[in-house]
Amino acid sequence: MKFSKILATAAVLVAGSTCFAQITADSLTKTLDAIKNSYKMVGMSVTIVKGGTIRYTGSVGKADIARNLPVTDSTKYRIASISKTIAATALMQLYDQGKFNLDDDVSRALGFTLRNPSFPSDSITFRMLLSHTASVNDGTGYDDFLASTASNPPPSLSSVMVPGGANFTGDMWLNRKPGTYFTYANIGFGILGTLVERISNERFDIYCYSHIFKPLGLDASYNILDLANINNLAVLYRNTTPQCDNYGGVKPAARDLSGYVVGSNAVIFSPTGGVRMSSKDLARFMMMRMNGGIVDGIRILSDSTARKMIQPVWTYNGSNGDAYYGLFRKWGLGTQITTNAPMGDIVVPGKIMAGHAGEAYGLVSDVYFEIANEFGIVFITNGRSGSYGAAAASAFYDVEEAVFDAAYAFVKSQPSSGVLHDQGSLPRETELQQNYPNPFNPSTAIRWSIPLRSRVRMEIVSPLGAEIATLFDGEYGAGDYESQWRADTASGVYFCRMEVTPLDGSASSSIHTLKLTLIK
């Protein structure tokens, strides 16, 4: 069976002409399990979005080897540097509120003067920090500074960034004019997290939970104590040896923050890498970014700000930055943008993607979506037996490339379902409308509506009940949709069968059918 692809923007759908044999969810899970075994992964999760909905979430392997706990779709990981995209989103929410301009000097907001000692007259701006062009660097003083953050109260951020500070070393700054050179730096996002606190007057972890995770309905946080079930947290491994989050099912004690002053040093909350989140929840965050700052009617960013974050600020020209083995060649605001450079930043050949990668404590993570808003891929693994190897055609690791290839093959095989409704006007009941045209040859459109976020499976069956094709099987937000079936079967009568299961548990599954007539 082949299906034509539909791309939808608002209420306008345009039929595509490329057709692909469909890959089922079960088949993809088997492929991912084979990848896990081939690369000796501990565990891994993958979530795929297409047409504004989650089309696949699958997990294989172990979340906790010692307790023999499997990875499930509820498993959460410490997602490492992908956390920076969330910190950037928090800051850009404050930008939306008019609290600062991107080219403002951050010193005024920080409460101390932040300057590269080699360029004392050059301001460090929000735009520079978000795009890793501020000339800050993870120098030798950074590790000592991180270690000292365990104290109560922790040292101020100025102690590592200002000459004369207890943790300052000269290599915390590059000998590069601010705004001219790209160097990926964790400390830059420690500064950004502190700016979120200074501008909002809220503790960084609490701000992100209250203004991002909770509104989106995500069981995720920079603070592990916010998680609903500690048993859902994956242990991170290097060569099967636990490195992080090995809590054995018992939440750690709350940190004593009695001496902490909001806005003094948000590094203690790890804005650079400390979010715990499942691949499914990360996909929902990604969908918000893909959809112009809104998902299921919940707006996190303005459309213009969401678009601004994926517009290039820095582009590699061969000498204006550290491309990190070819992986980093273009950067927006807290967001990597791919260029498909040979042996470089290729997620899907020929597709321009935006997102972020992460790596820490044996974990590797990725969240990338196509700039054209067609699809997105989330991949997280909690470790591997042995070292990660180089990919054959990109600057990613071998297992990342294998997962990207498998995920994109699945994406190509799935028909798109176009969202028809205005976000502010949602349907009141579940409905499967008569297809049009009917009779048809060779394709027909099917409109359907759901009033609640639900899992929806739509299939074409014969009069005897035999499955002819599965059009889709995934999660959809409340709304009106249009899907299309392109048939390469014989003339005759067929039935479209739609099963809807509300995700909030408010109602049991319902089944809806309609008759279609194919005449060739």
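Since every read-out is calculated from the coordinates, none of them should be taken as a lab result. Owing to the predicted nature of the structure, the values given are computational and were not obtained by experimental measurement. Because the Cβ atoms are built from the backbone with ideal geometry, glycine has one as well, and the counts that use them run over all protein chains shown.
Some values worked out for this structure:
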quantity	calculated
Distance in nm between pseudo-label sites at ASP256 and LYS99 (7 Å out along the Cβ direction from Cα)	3.0
Tensor-based shape of segment 158-227 (alpha-carbon gyration tensor, a/c under 1.5 rounded, otherwise prolate or oblate)	prolate
Spin-label model distance (nm) - VAL493 vs ALA409, 7 Å beyond Cα toward Cβ	3.9
Proxy reagent accessibility, fewest Cβ within 10 Å first, across CYS244, CYS496	CYS244, CYS496
Length gained when the stretch LEU503-SER210 is fully extended (0.36 nm per residue, less Cα-Cα span)	103.2 nm
Full-stretch length increase - SER319, THR517 - with 0.36 nm per residue and alpha-carbon distance subtracted	65.1 nm
Net +/- balance of residues flanking LYS62 in space, Cβ distance below 13 Å, scoring K and R +1, D and E -1	+2
At R0 = 22 Å, FRET efficiency that the Cβ-Cβ distance of SER148 and ASN239 yields, to 0.05	0.15
Residues of segment 241-276 with amide N under 20 Å of a point placed 7 Å along Cα→Cβ from ALA66	241-254
Rg/Rg_ref, segment 129-193, where Rg_ref = 2.2 N^0.38 Å and atoms are Cα	1.08
Sorted largest first, extent of the chain alpha carbons per principal axis (Å)	82, 48, 46
Electrostatic dipole magnitude of the chain [Cβ: Lys, Arg +1; Asp, Glu -1; Cα centre; debye, to 20]	400
Segment ALA228-ARG108, length gained on full extension (0.36 nm per residue, minus Cα span)	39.4 nm
Residues SER210, SER135 arranged by fewest to most Cβ contacts within 10 Å	SER210, SER135
Centre separation in Å (Cα based) which lies between segment 235-250 and segment 110-172	31
Relative contact order [Cα under 8 Å, 6+ residues apart], the chain, whole percent	19
Sequence-distant residues sharing a close amide H with SER221 (under 5 Å, placed H)	ARG276
Where Rh is the Kirkwood radius over Cα pairs, Rg/Rh for segment 60-195	1.07
Alpha-carbon spread of segment 353-394, three principal axes, descending order, Å	37, 22, 11
Loop-located trypsin sites (Lys or Arg not before Pro) in segment 201-307 whose Cβ has at most 16 other Cβ within 10 Å (DSSP)	ARG255
Cβ-defined net charge surrounding SER365, 11 Å radius [Lys, Arg +1; Asp, Glu -1]	-2
Fewest-first sequence of VAL364, VAL49 by Cβ atoms within 10 Å of each Cβ	VAL364, VAL49
Charge context of TYR436, other residues only, Cβ under 14 angstrom, K/R +1, D/E -1	+1
log10 of Debye I(q)/I(0), alpha-carbon scatterers only, for segment 462-503 at 0.14, 0.22 Å⁻¹	-0.43, -0.91
Partners for LYS308 among lysines (Cα-Cα distance below 20 Å; same-chain residues under 8 apart left out)	LYS84, LYS99, LYS330, LYS351
Low-density loop cleavage sites - chymotrypsin sites (Phe, Trp or Tyr not before Pro) in segment 203-285, where at most 15 other Cβ are within 10 Å (DSSP)	TYR247
Within straight-line cross-link reach of LYS62, aspartates and glutamates at Cα separation under 17 Å, skipping those fewer than 8 residues along the same chain	ASP33, ASP73, ASP245
